[in-house]
Amino acid sequence: MTSREIIRAVLEFDRPPRIGMTLPEPYPNDFLRGRWRRPPEQELPPKGNEFRRWRDEWGVIWATLSKFIRGEPVEAAVPDWADLDSYQPPDLGNRADYAEAAREFAADTEKFRVGGIPGFTFNVARYIRKLENYLCDLAIERENIDRLHVIVRAELLKAIDCWADAGADAIAFCEDWGTQDRLMISPSMWREIFKPEFRALAGRAHERGMFVLMHSCGKMTAIIEDLIECGVNCLQFDQPRLHGIEYLADHYGGRVAFWCPVDIQKTLQTKDSEQIRADARLMIERLGGFGGGFIGGYYGANEAIGITPEIQDIACKAFVEFGRYE
């Protein structure tokens, strides 16, 4: 089977010969990630102890204190709701920005082809308003929140359509919904405001024949059932132990796939080869034990979590060793 066929079988629980893998060379990588031509970032002079400061395509100003971390928004693109009427988002429907990805996808039909979008509605809107403002807005500025969400959703729907036209098999996005012990907002508020957003965006992807792959950090276990109902096909967790590997398997196994490295906070940090190998095997057997359902992943910033590539190499070898089904 080709990588594309294997990942489809993993996501559809259709008995693939092995788990899916997104590992660095010399190990298997079943994904081909399309390169979307993003508008250039505007470099700005750093302030204080900042390592770097810049403005992104949404008008959000970011800064970082280290080359090892992605940074955080420091100034909102819409600091005052009066600015929303004149706000101009980037055009995510420009087909030319996806042309290179379309050529890459056409040239390699054996890999599972993935198009990235900048999040679903929350992940973009929270940056535009800046998180501390946005969380207050959810409670006291609902009318304005709805207006902002309409703007963001429209651009994301364009991006989904463009990726489908480019030949993607799936869209992938990041949307961190959890703290270390709970959902960032109440589950009831999430279901009222954000579940319709997920239905609309995941629904468009499915209408266009694509799977939906979602990354989320933190303990957002309370909405996993909702995400499945909305059409999310695969959950990418860097901290599977935060939810509980057995819990995920017992409650959601066979209904949503999981794409995980060995846990980046609990297990890789031990640097214990036996624990790392045991976690890799447990996820393969439990999360991937439903005729599919598991993709072995790799955390791409070893320096940021204080480990060396040699530590993750233990996990890579374990995924390959234990990842073939009988």
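Report Rg(Cα)/(2.2 N^0.38 Å) for the stretch 262-326, keeping two decimals.
Details: Rg = 11.6 Å, N = 65, 2.2 N^0.38 = 10.7 Å.
My calculation over the Cα atoms of the stretch 262-326 gives 1.08.
Of A278, A168, A82, which has the largest mean-square fluctuation in a 10 Å C-alpha GNM of the chain?
Greatest mean-square fluctuation among the candidates belongs to A82.
Would you report the distance distribution of C-alpha pairs in the stretch 35-102 as whole percents per 5 angstrom bin, up to the bin with the largest distance?
Reading upward from the zero bin: 4, 16, 19, 18, 17, 15, 9, 2, 0.
If you put +1 on each Lys and Arg Cβ and -1 on each Asp and Glu Cβ, how big is the dipole of the stretch 71-118 around its Cα centre, in Debye rounded to 20? Mind showing how you got there, number by number?
Numbers: 4 positive and 11 negative charges, 82 e Å.
With only Lys, Arg, Asp and Glu charged at Cβ, the dipole is about 400 debye.
Just from its helices, what would the mean residue ellipticity at 222 nm be for the chain, if runs of 4 or more DSSP H residues each count -39500 (n - 2.57) and the sum is divided by every residue, rounded to the nearest 500 deg cm²/dmol?
Numbers: 11 runs with 123 residues, N = 326.
The per-residue figure over the chain is -11500 deg cm²/dmol.
Of all DSSP beta bridges located in the chain, what percent are antiparallel, nearest 5? Write out the running numbers ahead of the final one.
Numbers: 13 of 36 bridges.
About 35 percent, rounded to the nearest 5.
Given the options I128, I224, I160, state which has the largest fluctuation in a GNM of the chain using a 10 Å cut-off (strictly under) for Cα springs.
I224
Once amide H atoms are placed 1.01 Å from N in the peptide plane, what residues at a sequence separation of 5 or more from C234, or on another chain, have their amide H within under 5 Å of its amide H?
Here the answer is V212, M214, A257, since their amide H atoms fall under 5 Å of that of C234.
With contacts defined as alpha carbon pairs under 8 Å and 6 or more residues apart, what's the relative contact order of the chain in percent?
On the way: 600 pairs, mean separation 63.0, N = 326.
In percent, rounded to a whole number, it is 19.
Quick one: if the Förster radius is 25 Å, what FRET efficiency do V74 and V150 give, using the C-beta to C-beta distance and rounding to 0.05?
Working: r = 26 Å, r/R0 = 1.04.
For V74 and V150, the calculated efficiency is 0.45.
Show me the three semi-axes of the equivalent ellipsoid for the stretch 1-148, from the C-alpha gyration tensor (sqrt of 5 times each eigenvalue), largest first, rounded to whole Å. Before the final figure, lay out each step's value.
Working: eigenvalues 256, 76, 56 Å².
Each semi-axis is √(5λ); the values are 36, 20, 17 Å.
Test of understanding: what is the full-extension gain from D313 to R15, defined as 0.36 nm times their sequence separation minus their Cα-Cα distance? Walk me through the numbers on the way to the answer.
On the way: separation 298, 0.36 × 298 = 107.28 nm, distance 2.65 nm.
Between D313 and R15, full extension yields an extra 104.6 nm.
What does the charge count near R55 come to, summing +1 for each Lys or Arg and -1 for each Asp or Glu among other residues with Cβ under 12 Å from its Cβ? Present the calculation step by step, with values, prior to reporting the outcome.
On the way: positive: R52, R53; negative: E41, E43, D56, E57, E75.
It works out to a net charge of -3.
Q88 to M189: FRET efficiency via 1/(1 + (r/R0)^6), r the Cβ-Cβ distance, R0 30 Å, to the nearest 0.05?
Details: r = 29 Å, r/R0 = 0.96.
That pair, Q88 with M189, gives E of 0.55.
Taking 0.36 nm per residue of sequence separation and subtracting the Cα-Cα distance, how much length would be gained by fully extending the chain between K67 and A106, in nm to one decimal? Don't skip to the end; give the middle numbers.
On the way: separation 39, 0.36 × 39 = 14.04 nm, distance 3.45 nm.
Fully extending the segment from K67 to A106 adds 10.6 nm.
Name the residues whose placed amide hydrogens come within less than 5 Å of the amide hydrogen of F13, ignoring near sequence neighbours (fewer than 5 apart) on the same chain.
The list, which skips near neighbours in sequence, is G293.
Checking the cross-link filter: which lysines have an alpha carbon closer than 25 Å to that of K111, excluding same-chain neighbours under 8 positions apart?
Excluding near neighbours in sequence, the set is K158, K317.
Using modelled backbone amide H atoms (1.01 Å from N, in-plane), which distant-in-sequence or interchain residues come within less than 5 Å of E75's amide H?
When sequence neighbours closer than 5 places are left aside, the close amide H contacts are I61.
If I take R0 = 22 Å and measure r between the Cβ atoms of R199 and A139 in this structure, what FRET efficiency does the formula 1/(1 + (r/R0)^6) give, to the nearest 0.05? Don't skip to the end; give the middle numbers.
Details: r = 22 Å, r/R0 = 1.02.
Rounded to the nearest 0.05, the efficiency is 0.45.
Can you tell me, using C-alpha contacts under 8 Å and at least 6 residues apart, the relative contact order of the stretch 205-257 as a whole percent?
Working: 43 pairs, mean separation 20.8, N = 53.
Contact order relative to length: 39 percent.
In a GNM of the chain with a 10 Å cut-off on Cα contacts, which of P40, P28, P89 has the highest mean-square fluctuation?
Answer for the Gaussian network model of the chain: P40.
Can you pull out the trypsin sites (Lys or Arg not before Pro) in the stretch 45-92 that DSSP calls coil and that have at most 12 other Cβ atoms within 10 Å? Before the final figure, lay out the partial values.
Working: sites: K47, R52, R53, R55, K67, R70; in loops: K47, K67, R70.
Taking the stretch 45-92 and a limit of 12 other Cβ atoms within 10 Å, the loop trypsin sites (Lys or Arg not before Pro) found are K47, K67, R70.
Place a label point 7 angstrom from the Cα of E50 along the Cα-to-Cβ direction, then list the residues of the stretch 69-106 whose backbone nitrogen is under 19 Å away.
What the label zone holds, given the 19 Å backbone N cut-off, is 69-80.
Could you check the spin-label model distance between A278 and D165? Points 7 Å from the Cα along Cα→Cβ, value in nm.
Each label point is offset 7 Å from its Cα along the Cβ direction, giving 5.3 nm.
Kindly identify the stretch 181-243 as rounded, prolate or oblate by the Cα gyration tensor criterion: order the square roots of the eigenvalues as a ≥ b ≥ c, call it rounded if a/c is under 1.5, otherwise compare a/b with b/c, prolate if a/b is larger, else oblate.
Details: a/c = 2.88, a/b = 1.33, b/c = 2.16.
Oblate.
Could you name the lysines whose alpha carbon sits less than 20 Å from that of K130, not counting residues in the same chain fewer than 8 places away?
Filter leaves K47.
Express the Stokes-Einstein translational diffusion coefficient of the stretch 64-192 in µm² s⁻¹, to the nearest whole number, given a Kirkwood radius over alpha-carbon pairs, 20 °C and a viscosity of 1.002 mPa s.
On the way: Rh = 16.7 Å.
The estimated diffusion coefficient comes to 129 µm²/s.
Taken together, the values in this text are just the output of simple stated rules run on the coordinates, not laboratory data. Every value quoted in this text rests on a predicted model; they were computed, and no experiment measured them. Don't worry about glycine lacking a Cβ; one is built from the backbone with ideal geometry, like all the others, and counts go over all protein chains shown.
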